Amino acid sequence: MDLAFTEDEEGFRHRLRAWLADVLPTLPDRPHPADWPGRRAYDCGWQRMLHDAGYAGLHWPEDAGGQGATPTQHLIFLEETERAGAPYVGAGFVGLLHAGPTIAAEGTPEQRARWLPPILRGDEVWCQGFSEPDAGSDLASLRTRAVRDGDTYVVSGSKIWTSHAEIADWCELLVRTAPVNADTPKHRGITWLALPMDAPGVTVRSLRTLAGTAEFAEVFLDEVRVPVGHRVGEENDGWRVTMVTLSFERGTAFVGEVVACRRVLEALARTAKANGRWDDAVLRRRLGRLAAECAALWRLTQWNVSEAQRTGGVPGVGGSVFKLRFSQVRQELYEAAAEVLGPDALDAGQEWVADRLSSLSYTIAAGTSQIQRNIVAERILGLPKGR
């Protein structure tokens, strides 16, 4: 097998590097982490620049408005943008990495035409309305109800940990359209809707995290009317559509962060050499093991992206293997950062401290590690379900 980059791939890398070198110095200063309207404007501005240069939705299929790039070109794009210090998707995370790919895979031609171009241009921001106070890891236990009334659904209930709800235009929303009973298990009777966040009856209340940021919110829905045309997939088939969304969330949404972790490791090594902690053989061994873990995760990422391309663009259960290990490695990485910083690890203003706090959520967000282990055991190893 020839693992070398082709001439076309190297040409793509060269053109991307040149473009990044030209445009990154022109960007305005990044807004304060707590300034979410400012962050939305910054992130959407960057997305528009990507769009205008032909790099938006690089790996999306062309009939979904993307560029139809190869998996290798997609990975080159992630490597080069991260190494250049380019902005991350930020406020566009849900639209670009969750809702958009789901609509591309499951939406009607009309839905694709309505929602995908604004996502790719950075004109509209999405949030995710999946988890509920009593339905987190056991997502299928959700209770938010949608009752059909002619050409609309009347939706009532609440969501929690809704990413970017305060600045979002749309919400990928899971609702229950059929009650649970002997004939309808809880995984059935769920429907995937696109909810306009400015609809009457929608109330958003922000949640402050341990790091002091407010990227999550509670969303309360009081008889909100959602057109039936905003349903992605068939009524009561939302669990299958949700598995498509979660496969993107676990399989490809974090790939850029693997490159970021490798960059952090290099910076940690430089800092340790500068402050004398490099003399600790245990720390050096720890950083070396983490470097090997990140290299392995990158290879797994390459396989997952290639496999998704081979099977029609939707990642498979290999995403759960990645999510399970990446969550742990990210936490271990920032524990090592605290060791490198020493007493400065208690200073919230120091680099990596906020990242260390946010890393605590990774074994919970996007499906807990316990859930990922169940998926790996049942769907990959073929083990029986627990009773």
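Every condition in (1) of a type in the set (D, E, K, R); (2) closer than 18 Å to Glu234 by Cβ; (3) touching a residue at least 12 places away in the same chain (Cβ under 8 Å); (4) part of a loop (DSSP other than H, G, I, E, B) holds for Asp198 except the one numbered (2).
Scanning the stretch 136-150 turns up at least one residue that is open to solvent by 40 Å² or more (accessible area, probe 1.4 Å) and among the aliphatic types (A, V, I, L, M).
For Gln350, are the conditions met, namely being modelled with pLDDT of 75 or more and open to solvent by 20 Å² or more (accessible area, probe 1.4 Å)?
Numbers: modelled with pLDDT of 75 or more: yes; open to solvent by 20 Å² or more (accessible area, probe 1.4 Å): yes.
Here the answer is yes, as Gln350 does meet what is asked.
Every listed requirement among (1) buried (at least 17 other Cβ atoms within 10 Å of the Cβ); (2) within 25 Å of His32 (Cα to Cα); (3) modelled with pLDDT of 75 or more; (4) under 23 Å from the mean Cα position of the chain (by Cα) is met by Ser359 save one, (3). Within the stretch 206-215, is there a residue that is surrounded by 14 or more Cβ atoms within 10 Å (Cβ to Cβ), under 23 Å from Arg114 (Cβ atoms) and not β-branched (Val, Ile, Thr)? Within the stretch 206-215 (the criterion being surrounded by 14 or more Cβ atoms within 10 Å (Cβ to Cβ), under 23 Å from Arg114 (Cβ atoms) and not β-branched (Val, Ile, Thr)), the answer is no, since none of the residues qualifies.
Restricting the first member to the stretch 258-279 and to residues that are under 27 Å from Arg299 (Cβ atoms) and free of Cβ contacts under 8 Å to residues at least 60 places away in the same chain, and the second to residues that are of a type in the set (Phe, Trp, Tyr) and open to solvent by 20 Å² or more (accessible area, probe 1.4 Å), the beta-carbon pairs closer than 8 Å and six or more apart or on different chains are Ala269/Trp278. Annotation: Tyr153 fulfils all but one of (1) at pLDDT 95 or above; (2) buried (at least 17 other Cβ atoms within 10 Å of the Cβ); (3) within 30 Å of Trp36 (Cα to Cα); the unmet one is (3). The combined condition, being among the aromatic types (Phe, Trp, Tyr) and at pLDDT below 75, is fulfilled by Phe254.
Look at the stretch 254-276 and say how many of its residues are more than 16 Å from Glu82 (Cα to Cα), open to solvent by less than 80 Å² (accessible area, probe 1.4 Å) and not small (Gly, Ala, Ser). Adding up the residues that qualify gives 3.
Within the group Gly90, Gly100, Gly68, which residue is small (Gly, Ala, Ser), open to solvent by less than 30 Å² (accessible area, probe 1.4 Å) and out of contact with any Leu (no Cβ under 7 Å at 6 or more places or on another chain)?
Gly90
Of the residues making up the stretch 94-146, just one is over 17 Å from Trp192 (Cβ atoms) and of a type in the set (Ser, Thr, Tyr), namely Ser137. Among the residues of the stretch 178-212, those that are in contact with a helix residue (DSSP H, G or I) (Cβ under 8 Å, 6 or more places away or on another chain) and polar (S, T, N, Q) comprise Thr191, Ser206, Thr209. When you check Trp46 against the structure, is it of a type in the set (Phe, Trp, Tyr) and in a loop (DSSP other than H, G, I, E, B), yes or no? In short, no. Screening the stretch 156-173 for residues that are acidic (Asp, Glu) and open to solvent by 20 Å² or more (accessible area, probe 1.4 Å) and picking the one that is modelled with the highest pLDDT gives Asp169.
Among the listed residues Gln309, Gln302, Gln370, which satisfies the condition of being in contact with a Leu (Cβ under 8 Å, 6 or more places away or on another chain), among the polar types (S, T, N, Q) and either modelled with pLDDT under 80 or surrounded by fewer than 20 Cβ atoms within 10 Å (Cβ to Cβ) (or both)?
Working: Gln309 fails: in contact with a Leu (Cβ under 8 Å, 6 or more places away or on another chain); Gln370 fails: in contact with a Leu (Cβ under 8 Å, 6 or more places away or on another chain).
One residue alone meets the criteria, Gln302.
At least 2 residues being of a type in the set (Asp, Glu) and either over 15 Å from the mean Cα position of the chain (by Cα) or closer than 23 Å to Asp43 by Cα (or both) is the threshold, and among the helices (runs of 4 or more DSSP H) wholly inside the stretch 61-169 those reaching it are 71-83.
The values are calculated or read from the model by the stated rules, or taken from the named source; none is laboratory data. Quick caveat: nothing in here was measured; it's all calculated off a predicted structure. Every residue, glycine among them, receives a Cβ derived from its backbone with ideal geometry; neighbour counts consider all protein chains shown. Note: areas computed on protein heavy atoms with side chains; ligands, DNA, RNA excluded. Shrake-Rupley method; radii C 1.70, N 1.55, O 1.52, S 1.80 Å.
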